[in-house]
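**Q** One structure, as structure tokens, below. Some questions next.
The values are calculated or read from the model by the stated rules, or taken from the named source; none is laboratory data. From a predicted model like this one, the values you see are computed outputs, not experimental measurements. All Cβ positions, glycine included, derive from the backbone under ideal geometry; neighbour counts span all protein chains shown.
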Amino acid sequence: MVFCSHRFIFAFFPIVFAGYWIIARFVGHRASKVWMIAASLCFYAKGNVAFLPLLVFTTCFNYCIARGLTLKPKGSPAAKFLLGLGIVENLGFLFYFKYTNFFIDNINRFLGTAIQQQNIPLPLGISFYTFLILSCLVDTYKGKSETHSFIDFAMFVTFFPHLIVGPISHHYDMVPQFYAEDFYEINDRNIMQGILLFSIGCAKKVLIAEPLIAHAQNFYNVMGTGTFFQAWGGVIAYTFAYYFDFSGYTDMAQGIALFFNIKLPFNFDSPYKARGFADFWRRWNITISRFFQEHIFSNIFHFGDSLGRLMVATMATFLVSGLWHGAGWHFIFWGAANGILVCISNIMTLKRKKLQPTLAWALTFLMILFTRVLFDSNSMTQALAVYGNMLDLRPLFADANAFWAEGLSYLRSNLSIICLMGVAALISFFAPSTRQICASFEPKWYYALCCGIIFAASLFFMGKVSSFLYFQF
């Protein structure tokens, strides 16, 4: 079940919302949390019921680990053992479901064996809730967080707005909100802001991302390779589609959470306005970037270390990030390419070298387009073919008139999509980010009008909505 669907908006969410507040008012706060946990498990089951027992087991098992870490002295042998056990359990499931066939394929390729691949479906959301739990365990081990109530822990893990695709919240940020003085009171301002965020996210997904996804997938999945103009059109479409799809999900998740007085962290901050790759990764998928920063980069590089160690830490971080995104060499090369570009950005900052702002932005966005090819392709073979199409200017020199005629034909055939790319570019490059909108939010009539218009338009096209792109990770 996706947020921007009629079933969610007109059935699931109203029932959960009404039940939560009625139970909180007439039965008690503890019972309302149980209701939320049950609703979240039902939400998960609608997407992948076969792996519901795994989610329940993981939640229960890791509560025992987190509770034990809370009771054991920081850094004690018992605490280290419990943390190690939690890491092995979480990463063990993730590696089994996500990477078993990848390793079998590479063993067969390099050793000439014929090990049969396994039919292992990927549990929905495992990449995200695994990191959510790992972050909690490490924070508890370090004394930044404490786990007491199983109900609080279960609600933190399974809370349906962030369960599938994040954002990845910290236990010490989210759980204390459950005990705020006004947590169990309906907050009109939060609900109004929640409606605003949900409407924006819904429009991003339904009105912008969906048509661009269809166009891009027609190139990547149906055609595979094409002409110069088809390649650039497919790559640009996917570049904007992924942003509006993923940030749309995050906006909707934050908006839904506000209905229950829970504030989830922002995950995007106008990433396509970045003027360097280090800046880009401070703006894109912020909570995942923070996870890798805290648990990989910071364990390799410390303030005062050499430039070489900084480069090693950066490359290690992005290689792991690439592998986390998917079990394929094209994801690993994507991580490596991003790591190299971030290293260059960091070196320029350390050497105090600055490009003219417009040039810095243009080069950054161009490199984003080229790195996205590795991410969006089905394999390295396809990625290289797409690069070949994008860089092949031989037809221009062979017959310039035919080349530009082909470009004009592509423009005419895809005019609506190209106009939509232009709208997406204007929003990405010039519009305020969701963070900025929320920072200056005050209930106004024009906010209500804009929400009504874009939400009504989204409802009209909602019957054609596909799953979010990051569901596959």
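**Q** Among the residues of the stretch 1-45, how many are small (G, A, S) and within 28 Å of S458 (Cβ to Cβ)?
**A** Of the residues in the stretch 1-45, 7 are small (G, A, S) and within 28 Å of S458 (Cβ to Cβ).
**Q** Kindly establish whether F375 is aromatic (F, W, Y), within 22 Å of F471 (Cα to Cα) and under 22 Å from the mean Cα position of the chain (by Cα).
**A** yes
**Q** Then there is this: So how many residues does the stretch 94-140 have that are at negative phi, surrounded by 15 or more Cβ atoms within 10 Å (Cβ to Cβ) and among the small types (G, A, S)?
**A** So the answer is 2.
**Q** A follow-up question, please. Could you say whether any residue in the stretch 424-437 is loosely packed, with under 11 Cβ neighbours inside 10 Å, under 25 Å from the mean Cα position of the chain (by Cα) and under 26 Å from L197 (Cα atoms)?
**A** The answer is yes; a qualifying residue exists.
**Q** Looking at S428, S379, S433, S440, which is the one that is small (G, A, S) and over 21 Å from F266 (Cα atoms)?
**A** Within the list S428, S379, S433, S440, the selection yields S379.
**Q** Only one of (1) modelled with pLDDT of 90 or more; (2) under 25 Å from G47 (Cβ atoms) fails for T140. Which number is that?
**A** Condition not satisfied by T140: (2).
**Q** Against the condition of a type in the set (S, T, N, Q), surrounded by 12 or more Cβ atoms within 10 Å (Cβ to Cβ) and in contact (Cβ under 8 Å) with a residue 12 or more places away in the chain, how does S409 come out, does it pass?
**A** no
**Q** If you take just the helices (runs of 4 or more DSSP H) that sit entirely in the stretch 86-185, which of them hold at least 3 residues that are out of contact with any Gly (no Cβ under 7 Å at 6 or more places or on another chain) and of a type in the set (S, T, Y)?
**A** 126-141
**Q** Now for a separate question. Search the stretch 1-19 for residues being aromatic (F, W, Y) and farther than 13 Å from F198 by Cβ, and hand back the single one that is surrounded by the fewest Cβ atoms within 10 Å (Cβ to Cβ).
**A** First pass over the stretch 1-19, keeping only residues aromatic (F, W, Y): 3, 8, 10, 12-13, 17.
With farther than 13 Å from F198 by Cβ added as a condition, the list becomes 10, 12.
On the way: F10: 11, F12: 18.
Among them, the one singled out is F10.
**Q** Same structure again: I need every pair where a residue in the stretch 95-120 that is among the β-branched types (V, I, T) has its Cβ under 8 Å from the Cβ of a residue that is surrounded by 14 or more Cβ atoms within 10 Å (Cβ to Cβ) and part of a helix (DSSP H, G or I), sequence separation at least 6 or different chains.
**A** Within 8 Å, the pairs are I115/I104; I115/N108; I120/F97; I120/T100; I120/N101.
**Q** I would also like to ask the following. Given the criteria closer than 20 Å to I65 by Cα and touching a Leu at 6+ places or on another chain (Cβ under 9 Å), does F81 qualify?
**A** It is false that F81 is closer than 20 Å to I65 by Cα and touching a Leu at 6+ places or on another chain (Cβ under 9 Å).
**Q** Among the residues of the stretch 146-159, write down those that are at pLDDT below 95 and crowded, with 22+ Cβ neighbours inside 10 Å.
**A** Within the stretch 146-159, T147 is the sole residue that qualifies.
**Q** Does the stretch 322-349 hold any residues that are in contact (Cβ under 8 Å) with a residue 40 or more places away in the chain, crowded, with 18+ Cβ neighbours inside 10 Å and either in contact with a Gly (Cβ under 6 Å, 6 or more places away or on another chain) or farther than 27 Å from D376 by Cβ (or both), and which are they?
**A** F331, W334, S345
**Q** Given the stretch 218-321, what helices (runs of 4 or more DSSP H) lie entirely inside it while holding 3 or more residues that are farther than 17 Å from S428 by Cα and either in contact with a helix residue (DSSP H, G or I) (Cβ under 8 Å, 6 or more places away or on another chain) or without any contact (Cβ under 8 Å) to a residue 60 or more places away in the chain (or both)?
**A** Because the criterion is at least 3 residues that are farther than 17 Å from S428 by Cα and either in contact with a helix residue (DSSP H, G or I) (Cβ under 8 Å, 6 or more places away or on another chain) or without any contact (Cβ under 8 Å) to a residue 60 or more places away in the chain (or both), the helices (runs of 4 or more DSSP H) in the stretch 218-321 that meet it are 228-258, 286-292.
**Q** Residues to consider are A31, A50; find the one that is hydrophobic (A, V, I, L, M, F, W, C), in contact (Cβ under 8 Å) with a residue 24 or more places away in the chain and on the phi < 0 side of the Ramachandran plot.
**A** Matching residue, one of A31, A50: A50.
**Q** If you take the residues of the stretch 61-79 that are free of Cβ contacts under 8 Å to residues at least 40 places away in the same chain and in a helix (DSSP H, G or I), which of them is surrounded by the most Cβ atoms within 10 Å (Cβ to Cβ)?
**A** G68
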